[in-house]
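Where a number appears in this text, it was derived from the coordinates with a stated rule and is not lab data. All of these numbers come straight from a predicted model, not from anything done at the bench. Note that each Cβ is placed from the backbone with ideal geometry, even for glycine, and that neighbours are counted across all protein chains shown.
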Amino acid sequence: MDSEPRTAVLAPGFQETKTVRVFPYGWNERAERFRPTSIAGPAEQLRKLAVKNIRLEHAVIAFTYEGQSALSHQDRELFWNAFGVPVFEQYLGLRNELLATECDAHSGLHVVSGCDGLHQERGVCACGNASPRLSRAARIDELVEMLA
C-alpha cells in the first residue's frame, strides 16, 4: 500500500494537490493513468465505474448533495463488491463545501458546518467523536419511516 494514497475526484470544483487529481468529466484515460488508490465522486459516477473492474486500496468516497437522499444500502453494497474497499459518504453543499462526513464507525455523518434545519443526533459516536451527527437514510428508508 502506498504511504500517500492517490485520490481521483470525479467531479468538478475541487482543488488538486500532490496526491489528489480532479477529473471533472468523470473516469477517463487520464484518471486510469493516475492509478488512484481511492476514488471520490457522486454516486452516479461511481455506479458507472463499478462495472469497470477497478481495484482500489483505500476507500470510495460517495458524494451526496444538499437536498438529495443519502447513499442507498444497494449502492454501498455495489461499491463494496466492485472496489473491495470501505465506502464513506460525504454530504456536500451546492458549491462542494463539506457539510458532514461519515466516520469509520458508519454511525451517521459528523456535521462539519451548516446542516441547519436537519435533524442532528447528539452524544458521543462509536468512533469517539462528540460532534452532532446526521442520521442519513436512503430516500426509500426515509419514506418507510414516515409512513410507519
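Listed values, structure above:
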item	result
Residues E29, E89 arranged by fewest to most Cβ contacts within 10 Å	E29, E89
Antiparallel bridge percentage (DSSP; both residues within the stretch 15-148; nearest 5)	50 percent
Charged-residue dipole, Cβ positions (Lys, Arg, Asp, Glu), the chain about Cα centre, Debye nearest 20	480 debye
Residue-wise HN-Hα coupling along the stretch 46-63, computed from phi with Karplus coefficients 6.51, -1.76, 1.60 (Hz; x: Gly, Pro)	5, 4, 4, 6, 4, 8, 8, 6, 9, 9, 10, 10, 10, 6, 10, 10, 9, 7
Least to most buried among D104, D116 (fewest other Cβ within 10 Å first)	D116, D104
Those chymotrypsin sites (Phe, Trp or Tyr not before Pro) in the stretch 1-71 that DSSP places in a loop and that have at most 12 other beta carbons within 10 Å	Y25
The stretch 7-104: C-alpha gyration tensor shape, a/c 1.5 cut-off, then a/b vs b/c	oblate
Coil-residue trypsin sites (Lys or Arg not before Pro) of the stretch 41-127, DSSP, other Cβ within 10 Å capped at 12	R55, R95, R122
Label zone at Q74, where the point sits 7 Å out along the Cα-to-Cβ direction: the stretch 16-55 residues whose backbone N lies under 15 Å	43-44, 47-48
Fewest-first ranking of L99, L78, using other Cβ atoms within 10 Å as the exposure measure	L78, L99
Debye, to nearest 20: dipole size of the stretch 43-123, +1 on Lys, Arg Cβ, -1 on Asp, Glu Cβ	320 debye
Relative contact order, percent, the chain [alpha-carbon distance under 8 Å, six or more residues apart]	16 percent
